[in-house]
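Below you'll find the structure, written out as C-alpha cells, and then a few comments.
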Amino acid sequence: MKSTTLAPAHPLTDGRTSAAPLVQALRGERPGRTPVWFMRQAGRSLPEYREVRRGTGMLEACLRPDLAAEITLQPVRRHGVDAAVFFSDIVVPLKLAGVGVDIAPGVGPVMDQPYRTADDVARLTSRGLDDAALEPIREAVALTVAELGSTPLLGFGGAPFTLAAYLVEGRPSRDHLAARTLMHADPETWDALVAWTADLTGAFLRAQVEAGASAVQLFDSWAGSLSLADYTARVAPSSARALAFVAGSGVPAIHFGTGTGHLLPALRDVLVTAGVPDHAVGIDYRTPLDEAAALLPGVPLQGNIDPALLGAPWDVLEAHVRDVVSRGLKAPGHVVNLGHGVPPDTDPTVLTRVVELVHSL
Ligand code: CP3
C-alpha cells in the first residue's frame, strides 16, 4: 500500500502507538483518557535540560542524536505526558541546507543576513537539502522511539511562512513587516521563497516520519500577522506543499498558529488540500475551544490552556483547565495542550499536576 516509503518497523504499521490516546484523539475518537502534552515541554523549564545543555549550543544539541533523544525523553519521564515532541527546531533544516543561521539565547533564530531581494532569494533557492544531511535527525528519532515504547513521538516542522519571515527579517520581529512587504512588492520572488522553505520543511517532516514519528505538527507561529486574503493567496499553498511530503504516510497531522482566530478554517483547508486524512487544528489561548469547534465542524482540536495561568494560584489554574477540557468536548477529539509554549520560568511541578488533573477528568 502507501506505506512502502516507510521503514518496516513503523509505529503505525506495527501497531506500537496506533492505540495511543494521542493518535486516537487525532483520528477524531474519544480514548479512555484525554491525551495531554505541552508545546516546549522539552526545554528551559526543566533543570535536567539546563544540566545536559550546559556548554552546548542549541543547534549543536539538535544535531547530536544522543543528546536530542535524551532531551526529548526528559519531559515524558518527568510529567507522564501522552506524547514526546522531538527536540529540534524549525530552523534546523535551514542549517542542514547550509544557510548561515544561529539561535541566540533569549532572542531566537538569527540569520547571517536578511534575505530580501530577488538575488538574495535566488542564492537561497539554489541550495537543496541533501537527504544524507538529514541522517542525524533520523538517528535521533530512531533512538527516541526505541525508548518510548507505546508513547507516540510527535515530529514537527516550521511552516513555510514562519521560516520565510525569519529569513526576510534576518531575525525575530514583531509584525514581520519586511516579509509582508516582499509578499506584495515581488510576489514571484515571495512564491519562490516559500516553495523552497516548504520543500525543506517537507523533507524534515518526512525524515522524522520515516524514522518512527507517530504524528506531526506544522508550526505557523507567525501566521496570525496575516490577513485571510494574504494567507489564502500567498501562504496556504506552500503549507499544503510541505504537508504533502507526509500525506501518504498515514500519520495524523496538527496545524497550529498563534493569533489565528480569523484563519482557523483556512488552517483546516491546508490539511485537506495536502491530503492528510487524519488531522487536527491547534488553537491558541485566545479562542475558546467551543467557539473553535463551531468554526471547524468535525475537526479534532488541540489546546488551549493559557500559558500565563501556569503562574497563577493552583485553584485558578485548575478551574481554567477544567473549563478547557469541558469546552473541548464540543470537538470530536481533543488533545489538551497550551495555547502556546511553556514559558521558561514555569515551575515544572505545576505541569506534572496539570497532566494528573487532565488524566483524572
Ligand atoms: O518541547 C518542545 O517543543 C521542543 C522542541 C521545539 C523547540 N523549538 C526547541 C527550542 C520546538 C517544537 C520548537 C519550535 C520553534 N522554534 C518555533 C515554533 C513554536 C513556537 O514557539 O511558536 C519557533 C518560532 C522557533 C524559533 C525559536 N527557537 C525561538 C523563538 C526560540 C527561543 C529563543 C529564546 O532563547 O527565547 C528558539 C530556541 C529554542 N528552540 C529553545 C528550545 C528548547 C530554547 C533554547 C535554549 O535552551 O536556549
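Before we move on, is PRO93 within 8 Å of the ligand (Cβ to nearest atom), outside any loop (DSSP other than H, G, I, E, B) and either within 27 Å of GLY212 (Cβ to Cβ) or β-branched (Val, Ile, Thr) (or both)?
On the way: within 8 Å of the ligand (Cβ to nearest atom): no; outside any loop (DSSP other than H, G, I, E, B): yes; either within 27 Å of GLY212 (Cβ to Cβ) or β-branched (Val, Ile, Thr) (or both): yes.
Here the answer is no, as PRO93 does not meet what is asked.
Which residues, counting only those in the range 28-67, are more than 9 Å from the ligand (Cβ to nearest atom), small (Gly, Ala, Ser) and within 22 Å of GLY339 (Cα to Cα)?
Answer for the range 28-67, where residues must be more than 9 Å from the ligand (Cβ to nearest atom), small (Gly, Ala, Ser) and within 22 Å of GLY339 (Cα to Cα): GLY28, SER45.
Take the residues in the range 73-89 that are assigned to a loop (DSSP other than H, G, I, E, B) and buried (at least 22 other Cβ atoms within 10 Å of the Cβ); name whichever of them is farthest from the ligand (Cβ to nearest atom).
That would be ASP82.
Is it true that GLY259 is within 16 Å of the ligand (Cβ to nearest atom), on the phi > 0 side of the Ramachandran plot, surrounded by fewer than 21 Cβ atoms within 10 Å (Cβ to Cβ) and part of a loop (DSSP other than H, G, I, E, B)? Write out each step before concluding.
Numbers: within 16 Å of the ligand (Cβ to nearest atom): yes; on the phi > 0 side of the Ramachandran plot: yes; surrounded by fewer than 21 Cβ atoms within 10 Å (Cβ to Cβ): yes; part of a loop (DSSP other than H, G, I, E, B): yes.
In short, yes.
For every residue, the table says whether it meets (1) of a type in the set (A, V, I, L, M, F, W, C); (2) over 17 Å from the mean Cα position of the chain (by Cα); (3) outside any loop (DSSP other than H, G, I, E, B); (4) over 15 Å from GLY28 (Cβ atoms).
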{"site": "VAL270", "(1), (2), (3), (4)": "yes, no, yes, yes"}
{"site": "GLN302", "(1), (2), (3), (4)": "no, no, yes, no"}
{"site": "ARG327", "(1), (2), (3), (4)": "no, yes, yes, yes"}
{"site": "HIS340", "(1), (2), (3), (4)": "no, no, no, yes"}
{"site": "ASP345", "(1), (2), (3), (4)": "no, yes, no, yes"}
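What number of residues in the range 16-57 are surrounded by 17 or more Cβ atoms within 10 Å (Cβ to Cβ), over 30 Å from PRO332 (Cβ atoms) and among the hydrophobic types (A, V, I, L, M, F, W, C)?
The number of residues fulfilling the criteria is 1.
State which residue pairs qualify: first residue within 17 Å of GLY224 (Cβ to Cβ) and within 16 Å of the ligand (Cβ to nearest atom) and inside the range 166-193, second residue in a loop (DSSP other than H, G, I, E, B) and β-branched (Val, Ile, Thr) in any location, beta carbons under 8 Å apart, and separation of 6 or more residues or different chains.
From the range 166-193, the pairs are TYR166/VAL91; PRO172/VAL107.
Here's a check for you: in the range 116-152, which residue that is part of a loop (DSSP other than H, G, I, E, B) and polar (S, T, N, Q) is surrounded by the most Cβ atoms within 10 Å (Cβ to Cβ)? Can you show your working first?
Just the residues of the range 116-152 that are part of a loop (DSSP other than H, G, I, E, B), to begin with: 116-117, 126-130, 149-152.
Now restrict to residues that are polar (S, T, N, Q): 117, 126, 150-151.
Values: THR117: 12, SER126: 8, SER150: 12, THR151: 22.
Among residues in the range 116-152 that are part of a loop (DSSP other than H, G, I, E, B) and polar (S, T, N, Q), the one surrounded by the most Cβ atoms within 10 Å (Cβ to Cβ) is THR151.
Laboratory data are not the source of any read-out in this text; all were calculated from the coordinates shown. Just so you know, these numbers come straight off a predicted model, no measurement behind them. For neighbour counting, all protein chains shown are included, and Cβ atoms are generated from backbone atoms with ideal geometry for every residue, glycine included.
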